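Every number here is computed from the coordinates shown, using simple stated rules; none is lab data. Here the structure is a predicted model, which means the values were calculated and not measured.
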Amino acid sequence: MTRTRLGLALSAAVLGLSGLVGLPASAAAQPEPSPPEPSPSEIAPPSDNGHDDMGLGNILHGEGMIKTKGGTQPVAMQHGTVTSVSDSSITLKSADGYTKTWSLNKSVHVVEHRTTLQPNSIKVGTDLIVAGPRQGTTFTASVVVVNSGQ
């Protein structure tokens, strides 16, 4: 896995974990009080499948910015179930109903338990974690991780 791809995937995950994803631009200018921390009973338990291939826990989807040699790059990630797949795209639906279609290019890196797979091995109903760059409304999968604990 190239450093750029790993950086995109991990940056999206870190942004999601840090709670920085999705803040409106005005949030920096006019800080609002932080919501109270959820109690342990409000947090969904981790999946009972015993696997968490990228350490993302209960993160469903998010966007953020990473710094690259060429400037900043918007990135996104999503954890969900495949609802549609073709040679050029994949559609995921997250547990909260958020649905996004991701473009697949020839350099997409698909892994399951550190084993590289061909993109055509992805089937409808598979649980995936996808990360990659966003350009406008186009999301391009750079890294696809099969969450095979299901």
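Here are some notes:
- Over 30 Å apart at the Cα level, from the set Lys69/Lys106; Lys69/Lys123; Lys67/Lys123, are Lys69/Lys123; Lys67/Lys123.
- Across the stretch 106-150, the fraction of Cα-Cα pairs farther apart than 17 Å, rounded to a whole number, is 31%.
- Residue-span extension gain [Tyr98 to Leu117] - 0.36 nm each, minus C-alpha spacing: 4.3 nm
- Both radii come from the Cα set of the stretch 67-122: Rg as radius of gyration, Rh as Kirkwood radius; their ratio Rg/Rh reads 1.01.
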